[in-house]
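The values are calculated or read from the model by the stated rules, or taken from the named source; none is laboratory data. Computed from a prediction, not measured in an experiment: that's the story for all the values here. Cβ atoms come from the backbone with ideal geometry, glycine included; neighbour counts cover every protein chain shown. The area values use the complete protein model at the heavy-atom level, side chains included, leaving out ligands, DNA and RNA. Shrake-Rupley method; radii C 1.70, N 1.55, O 1.52, S 1.80 Å.
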Amino acid sequence: MERYYSYSRFLKERFGEKVYKISINGGFTCPNRDGTLSTGGCIFCSEGGSGEYSESALLPVSRQIALGREQSSRKYSGGRYIAYFQAFTNTYAPVERLRALYEAAIAPEEIVAVAIGTRPDCLPEEVLDLLEEINRQKPVFLEMGLQTCHDSTAAFLNRGYETRVFTEAANTCASRGIRTTAHLILGLPGETPDMLAETIAYVNALPVSGVKLSMLHILKNTRLADIYAQEPFPLFTLESYVDCVISCLEMLRPDMVVERITGDGPRDLLIAPTWSLHKRQVLNSIHQEMKRRNSFQGKQWKK
Ligand code: SF4
């Protein structure tokens, strides 16, 4: 029995088979790094802007897709892929440059959708028009970093936008038929279980289709690493993380696709928690504990 609505199930339902994601680097930056909003970025963000698993931005998109296919062939025998613009803010560029990148990404027949990671404050009208147009050709899955619904925590994180901006972006995307996913970080300093429950309730109430859950990672060369070095704060143990993820899943709307339930901190940058490197063990622990508790997504959800 599957106890939550996994991303692999969603992809099978949508595309009829397992689909593999290929990470693309479009050579973007971020307004929270280039001085438009700030130069420091979100305090947890690595120098690569979460693009550590992508190819070089110097390579054309078609070449990056070919390399991604080659690399995936050891673990994936299917022939359909999602092009995933992952590093930094992938809607933050003039619309003609975005068009060239997105069109190159969806051109190969084997690419069945394009996933685009961005910020909710980087979706001007002309970009939304373009996303809607691309979405008519192949599905667009837009991923937006939220982390928390609490503006006080967001200010500590230097997120650079207020939560109302996310609300507006989620509603606008839904009205244009663009599927959205919210990225959430569990275990943020100063956040209580009640505050996390409020973030889950906030996302539940929006027309958002998926969530990505991750533990807070302390990565080298980040502002968060400096704060942690000066004044260490409590981080999850494997057991406390499993407990927290399960309570989030229980509060989550049953139709919400759970696209990630553990983190992907790059090995060479990760300071803590190092147990998160054992991804298979984290997933097994969550699954076993859900079974033991007879827990399932939406168990505590109230419409
Ligand atoms: S918005 Fe994303 S890319 Fe920009 S600083 Fe924050 S985490 Fe990094």
How large is the accessible surface per residue of the stretch 7-293, computed with a 1.4 Å probe and reported in Å² as a whole number?
44
Solvent-accessible surface ranking, highest first, for Lys279, Lys212 at 1.4 angstrom
Lys279, Lys212
Reachable aspartates and glutamates from Lys279, Cα under 14 Å, same-chain residues fewer than 8 places away excluded?
Glu239, Asp264
Amide H proximity to Ser295 below 5 Å, modelled H, separation 5+ or other chain, gives none
Each residue of the stretch 24-32 in order: what ³J(HN,Hα) in whole Hz does its phi give by Karplus 6.51 cos²θ - 1.76 cosθ + 1.60, θ = phi - 60°, with x for Gly and Pro?
10, 10, x, x, 7, 10, 8, x, 8
Which entries in Lys21/Lys302; Lys75/Lys291; Lys12/Lys291; Lys12/Lys220 show an alpha-carbon gap greater than 31 Å?
Lys21/Lys302; Lys12/Lys220
Within the chain, what is the longest stretch that has no GluC sites (Glu not before Pro) placed in a DSSP loop and near at most 16 other beta-carbon atoms within 10 Å?
163-303
Return the equivalent ellipsoid semi-axes of the stretch 182-249 as a descending list in whole Å, where each equals the square root of 5 times an eigenvalue of the C-alpha gyration tensor.
24, 14, 11
Relative pair counts by distance (%), Cα atoms of the stretch 118-195, 5 Å bins
3, 15, 26, 21, 14, 10, 7, 4, 1
Looking at the stretch 73-140, which trypsin sites (Lys or Arg not before Pro) are in a loop (DSSP not H, G, I, E or B) and have at most 13 other Cβ atoms within 10 Å?
Arg74, Lys75
Sorted by accessible area (1.4 Å probe), largest first, how do Thr36, Thr180 line up?
Thr36, Thr180
Taking a quarter of the surface of the convex hull around the Cα atoms of the chain, what do you get in nm²?
15.0
In square angstrom, rounded to the nearest 10, how much accessible surface does Trp301 have for a 1.4 Å probe?
80
Estimated FRET transfer efficiency (Met1, Ala66; beta-carbon r; R0 51 Å; 0.05)
0.85
Pull up all non-local amide H partners of Ala115: gap of 5 or more, or a different chain, and H-to-H distance under 5 Å with H placed in the peptide plane.
Ala83, Tyr84, Phe85, Phe141
Accessible-area value, His183, 1.4 Å probe, nucleic acids and ligands omitted, Å²:
40
So if I place +1 on the C-beta of Lys and Arg and -1 on the C-beta of Asp and Glu, and nothing else carries charge, what would the dipole magnitude of the stretch 7-293 be about its Cα centre? I want it in debye, nearest 20.
1040
Which three semi-axes in whole Å describe the equivalent ellipsoid of the stretch 47-185, each the square root of 5 times a Cα gyration tensor eigenvalue, listed largest first?
27, 18, 14
The stretch 1-80, Kirkwood Rh and Cα Rg, ratio Rg/Rh at 1.09
Taking a 1.4 Å probe, which of Leu59, Leu224, Leu37 shows the most accessible area, and what order do the others take after it?
Leu37, Leu59, Leu224
Theoretical gain in end-to-end length, Trp301 to Ala205 [0.36 nm per residue, Cα-Cα removed]
33.4 nm
Can you list residues from other chains, or at least 5 along the same chain, whose modelled amide H is less than 5 Å from the amide H of Leu186?
Ser214, Met215, Leu216
